[in-house]
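The values are calculated or read from the model by the stated rules, or taken from the named source; none is laboratory data. Predicted model, so just to flag it, every value in this text is computed and none were measured. Quick reminder, even Gly has a Cβ in these numbers, built from the backbone with ideal geometry, and neighbours come from all protein chains shown.
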Amino acid sequence: MTRFDRQINLRGFGQEAQNKLKQSSVLVIGAGGLGCPALLYLGAAGLGKIGIVDGDNVSVSNLNRQILYGENDAGKRKAVVATETIQQKYSDIDVECFNTFLDNSNALEIISQYDVVVDCCDNFSARYMINDACVLLNKPLVYGAIYQYEGQVSVFNVKDEKGFTHNYRDLFPVPPNAKQIPDCNETGVLGVLPGVIGTMQATEAIKLITGIGKTLCGKILYYNLLQQSFYELAIAKNPEASQAAPANEKDFRSHNYSVTCATVKTIDWNKADEMYSLNPQQTTFVDVREKDELPRVDTFMCVDLPLSALAHQAHCISPFEKLLVFCKGGVRSEKAVRQLQILFPEKQFYSIQGGILDRLSQLNNKLYATEV
Amino acid sequence: MENTTAIKTISIVAFGVAAEKMKTNSVRVENIDDIDALKICLSNAYPELNEFKISIAVNKKIVHENMLLNDGDEVALLPPFSGG
């Protein structure tokens, strides 16, 4: 009798699938709410090697969901306790402990040693960094995340039925402002939720390795604990995804993964004119001054969208892809761009430095130059 | 005479922080032409939705560009989750 009799006996699984598990390695990043159940089931399934990455200590408030730890573990290193627990239960698994947070200086080296990565972390900075590292290394990534009573699971960097691969940036090309979505330490979470999602992540990892069933590649599955309902969506390639991600390992190492406020791109009038002339059909200038502010513009194509009526009138920019936004001096146009970027994340907005005042002084200089 | 102004109903399904701000996870809207118009309609009805990024799916397929909406379409509002 072996530990694995019941799954080896399973139709469609057998010794062959069991051998694949034994020959494979999985890296679990984050040994918290998602990581604990994922590690327990991956360990029980009979993986050959499991890597555990976490730089955090166990705190008493973790214990409602981080089921590898008990009261006596408070203050201890999560990666160390998790490694000891899994190793003690199953002596034949090679358990590797990374008692550190992953960052862009160590991620590529650690991830490249494993066959499958399971993202069980709890913040956007790490999620984007793990995603980009896995894209660069072409490493299958099992993604899972939770928010209050809801969770989501997907599989990235694995070819779907049509031969396409997807990644996290196809869903959300750039990170949000950290203040916009607090993590579960602040918002509260019922312990069983990461239990469900972390277990689904372990399921997807086991399916990827053994080849049984259909994985969630090309799809993202939403789970609602209160409704006990699922909602599965097909992911589409996002043209912005590859632009936002680092292009190579060197760029990755120097990429800033700290989550910051969405930045506003600012340009000067020369650059704005150049952008307009490159694609006049899909580009427009946008005047966000109020309607009574002078001088009005009549020398170039321009849409009037006063900042005070922005949310109500924003539909007027729908036909355009690239928007060159200006006001009187360049302050309100930045504010407008911030709001418009949220309304239309797929469009490109630029705030023109110096506003209409700068344009006028430029025109005056030109006049002066021709006179001389 | 047949009524030529047929009513177009779009159902909205909200997830995560979007549902939280809307205080419901499903609403219906009528006679909205396309996704851009829907975004403006929602941001007027729920100004707090402007505070974060939302991806959009139409009939369970994520879309990245504006598209026309038809009667009976289901639009999902998908804010990112980061917790773990």
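A single member of A:Asp119, A:Asp115, A:Asp94 is in contact with a Phe, Trp or Tyr (Cβ under 8 Å, 6 or more places away or on another chain), of a type in the set (D, E, K, R) and more than 19 Å from A:Ala244 (Cα to Cα), and it is A:Asp119. Could you look through the stretch B:59-78, keep only residues that are in contact with a helix residue (DSSP H, G or I) (Cβ under 7 Å, 6 or more places away or on another chain) and more than 7 Å from chain A (Cβ to nearest Cβ), and pick out the one that is farthest from A:Leu343 (Cα to Cα)? Here the residue is B:Leu69. So which residues in the stretch A:233-266 are within 11 Å of chain B (Cβ to nearest Cβ) and surrounded by 13 or more Cβ atoms within 10 Å (Cβ to Cβ), if there are any at all? Hits for the stretch A:233-266 are A:Leu233, A:Ala234, A:Ile235, A:Ala236, A:Lys237, A:Asn238, A:Glu240, A:Ala241, A:Val259, A:Ala262. Within the stretch A:107-139, restricting attention to residues that are under 12 Å from B:Ser82 (Cβ atoms) and in contact with a Ser or Thr (Cβ under 8 Å, 6 or more places away or on another chain), which residue is farthest from the other protein chains (Cβ to nearest Cβ)? This residue is A:Ser125. Would you say A:Cys134 is under 17 Å from the mean Cα position of the chain (by Cα) and either assigned to a strand (DSSP E or B) or crowded, with 19+ Cβ neighbours inside 10 Å (or both)? Spelling it out, A:Cys134 is indeed under 17 Å from the mean Cα position of the chain (by Cα) and either assigned to a strand (DSSP E or B) or crowded, with 19+ Cβ neighbours inside 10 Å (or both). Just one residue in the set A:Val142, A:Val153, A:Val158, A:Val174 is in contact (Cβ under 8 Å) with a residue 60 or more places away in the chain, under 23 Å from B:Ile62 (Cβ atoms) and more than 11 Å from chain B (Cβ to nearest Cβ); that residue is A:Val142. In the set (1) surrounded by fewer than 24 Cβ atoms within 10 Å (Cβ to Cβ); (2) under 20 Å from A:Phe101 (Cα atoms); (3) in contact with a helix residue (DSSP H, G or I) (Cβ under 8 Å, 6 or more places away or on another chain); (4) within 14 Å of another protein chain (Cβ to nearest Cβ), the condition left unmet by A:Thr199 is number (2).
What number of residues in the stretch A:202-232 are buried (at least 20 other Cβ atoms within 10 Å of the Cβ), among the small types (Gly, Ala, Ser) and within 13 Å of chain B (Cβ to nearest Cβ)? Total satisfying the criteria: 1. Scanning the stretch B:38-84 for residues that are free of Cβ contacts under 8 Å to residues at least 24 places away in the same chain and hydrophobic (A, V, I, L, M, F, W, C) turns up B:Ile40, B:Cys41, B:Ala45, B:Ile56, B:Ala57, B:Val58, B:Ile62.
Filtered by the rule that a residue be more than 24 Å from the chain's Cα centre (by Cα) and at pLDDT 95 or above, the stretch A:51-62 gives no residues. Taken together, the residues in the stretch A:75-105 that are acidic (Asp, Glu) and under 28 Å from A:Tyr257 (Cα atoms) amount to 2. In the stretch A:182-196, the condition of being in contact with a helix residue (DSSP H, G or I) (Cβ under 6 Å, 6 or more places away or on another chain) and assigned to a helix (DSSP H, G or I) is met by at least one residue. Restricting attention to the stretch A:12-34 and to residues that are of a type in the set (Gly, Ala, Ser) and out of contact with any Cys (no Cβ under 6 Å at 6 or more places or on another chain), the residue that is surrounded by the most Cβ atoms within 10 Å (Cβ to Cβ) turns out to be A:Ala31.
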